[in-house]
1. Out of (1) open to solvent by 10 Å² or more (accessible area, probe 1.4 Å); (2) out of contact with any helix residue (DSSP H, G or I) (no Cβ under 6 Å at 6 or more places or on another chain); (3) not hydroxyl-bearing (S, T, Y), the odd one out for C156 is which?
2. Does K88 satisfy the condition of being without any contact (Cβ under 8 Å) to a residue 40 or more places away in the chain and closer than 30 Å to A330 by Cβ?
3. So which residues in the stretch 253-276 are away from ligand 2 (no atom under 16 Å from the Cβ), outside any helix (DSSP H, G or I) and more than 17 Å from N312 (Cα to Cα)?
4. Please enumerate the residues belonging to the stretch 267-276 that are closer than 25 Å to H20 by Cβ and either among the β-branched types (V, I, T) or surrounded by fewer than 24 Cβ atoms within 10 Å (Cβ to Cβ) (or both).
5. For the condition within 16 Å of ligand 1 (Cβ to nearest atom) and open to solvent by 40 Å² or more (accessible area, probe 1.4 Å), what is the one hit in L180, L169, L215, L248?
6. Does A187 qualify as being farther than 24 Å from P281 by Cα and within 16 Å of ligand 2 (Cβ to nearest atom)?
7. Being within 16 Å of ligand 2 (Cβ to nearest atom), open to solvent by 10 Å² or more (accessible area, probe 1.4 Å) and outside any loop (DSSP other than H, G, I, E, B) is the filter here, so list the residues in the stretch 105-148 that pass it.
8. Go through the stretch 218-240 and count every residue that is open to solvent by 10 Å² or more (accessible area, probe 1.4 Å) and not in a helix (DSSP H, G or I).
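The values are calculated or read from the model by the stated rules, or taken from the named source; none is laboratory data. Since the structure is predicted, the reported quantities are computational estimates derived from the model, not experimental observations. Glycine gets a Cβ as well: all are built from the backbone with ideal geometry, and neighbour counts include every protein chain shown. The protein model used for the area step is the full one, side chains on, heavy atoms only, and it has no ligands, DNA or RNA in it. Shrake-Rupley method; radii C 1.70, N 1.55, O 1.52, S 1.80 Å.
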Amino acid sequence: MTDLANALIDRLPKAELHLHIEGTLEPELMLALAKRNNVKLPYETVEDVAKAYEFDCLQDFLDLYYMGMSVLQTEQDFHDLTWAYLLKVHADSLTHVEMFFDPQAHTDRGVAFETVLGGIVSALEKAKNELGITSKLIMCFLRHLPEEQAFDALECACKHKDHIHAVGLDSSEKGFPPPLFERVFEASRKEGFIPVAHAGEEGPAENVRTALDVLKVERVDHGNSALTDPALVQRLAKQRTPLTMCPLSNLRLKGIPTIGDSPVKKAMDAGLLVTVNSDDPSYFGGYLNDNYRAIHKALDLDEHDLITLAKNSFAASFIPDREKQGHIDAIDKVVEDVKKG
Ligand code: HPA
Ligand code: ZN
C-alpha cells in the first residue's frame, strides 16, 4: 500500500453507519464483565474466545453474539462497551457514528430498556464532549422474534425519541423476510422514526425490494444481493438509496469467498451510494479502517475511491443536509494536508 493511501485511510474523517454496539464487545471486556457480573461463559481465556470465532454463516455468528452479550447487565457495562468502541474509532478518524442496538436481546433476559439506553447514551454524550464525535442511535427489531415483541420495543422507544433516531431490522435474514414486519415499521414511521433494514446479506434481492416497498426503508444495510438484479440496481442508483456494506463481515460469514469478491467497487461503479462499515468488529476481525484497508488492497482502489467512500459515508448519513457540507470540507482539507506531506 502506498504511503498516500495509508495516510488517507488513517486520517480521512469518516462516518460509520452500520455498527452493532453489542458486536464491539472485545474478548477481554467480555471476560472481565463475566467476572464482574458472575456470568458463566464457555470460555476461560481470550484464546478460547478467538478459537470459537469461526463462522460458516450468519446464524453461527448470531449464536455466539447473543451468548457473548449475556455479560452486559448494568448501565455501567453498556457505558463501558460503548466508550471502548468510541475511543477505538476516534483513532480511525471517525467523526460521526449511527449505531445500532438490540434492546430485545437484553429485555428478553431481564435487563431493562432504560439500563441499556442509559449506558449507551451517556457514552455517546461523553464522546460528543471529549472527542467531538457526533452520533445517532438506531434501535433494531430482532427479526427471529414475533412482530408483537417488536411492538413492545417500539413502545419503549417512543418514550425516548430524544435519543433514538431510527429503527432497523437485524438478526437471522433467512426465513424472516421484511414483510413480516410491515405493521411495526408502519407504526414506527408514524412515530417519526426513520426506517432502515438489513436486507440482501444472506437473503435474495427480493428482500431488498420488499425492504424498500413494504418497510419503506431509507437505507439498506448490506444489500449485497441487490447487485444480482439490474433493475433493482438501477432503481437504487436513481433514488440514491444508500447501501451500508461490510466487507470483513461478509468475508467472515462466508457471504463472499475472498475479500476480492466484496461488491463495494462493483456497487460504486454501478453508481450506487455505497459506504464501508465494520458491522461487528470484535467478531469479524477489524474496525472501520481495517475494512477500508482490506478492500483498498483487494479491490485495487485508488485514492479517489477512498475519498469518495469517506464522502459517501456523510452523504448517506442522517446528518441534516445543511451540516453535511462541513464534513465534506473537512475531508477536502485533510486530502490537501496529506498531499502536502
Ligand atoms: N447481520 C444481521 N444481524 C446482525 C448482525 C449481522 O451482521 N450483527 C448483529 N446482528
Ligand atoms: Zn449488521
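1. Every listed condition holds for C156 apart from (2).
2. No.
3. First pass over the stretch 253-276, keeping only residues away from ligand 2 (no atom under 16 Å from the Cβ): 257-261, 265-273.
After this cut, where a residue has to be outside any helix (DSSP H, G or I) as well, the list is 257-258, 270-273.
Answer for the stretch 253-276, where residues must be away from ligand 2 (no atom under 16 Å from the Cβ), outside any helix (DSSP H, G or I) and more than 17 Å from N312 (Cα to Cα): P257, T258.
4. Across the stretch 267-276, the qualifying residues are A267, M268, L273, V274, T275, V276.
5. Working: L169 fails: open to solvent by 40 Å² or more (accessible area, probe 1.4 Å); L215 fails: open to solvent by 40 Å² or more (accessible area, probe 1.4 Å); L248 fails: open to solvent by 40 Å² or more (accessible area, probe 1.4 Å).
Matching residue, one of L180, L169, L215, L248: L180.
6. Details: farther than 24 Å from P281 by Cα: yes; within 16 Å of ligand 2 (Cβ to nearest atom): no.
Judged against the criteria, A187 is not a match.
7. Filtering the stretch 105-148 down to residues within 16 Å of ligand 2 (Cβ to nearest atom) leaves 105, 136-144.
Applying the additional criterion that residues be open to solvent by 10 Å² or more (accessible area, probe 1.4 Å) yields 105, 136, 144.
Residues satisfying the conditions are A105, K136.
8. Just the residues of the stretch 218-240 that are open to solvent by 10 Å² or more (accessible area, probe 1.4 Å), to begin with: 218, 224-225, 227-231, 233-235, 237-240.
From what is left, the residues that are not in a helix (DSSP H, G or I) are 218, 229, 240.
Qualifying residue count, the stretch 218-240: 3.
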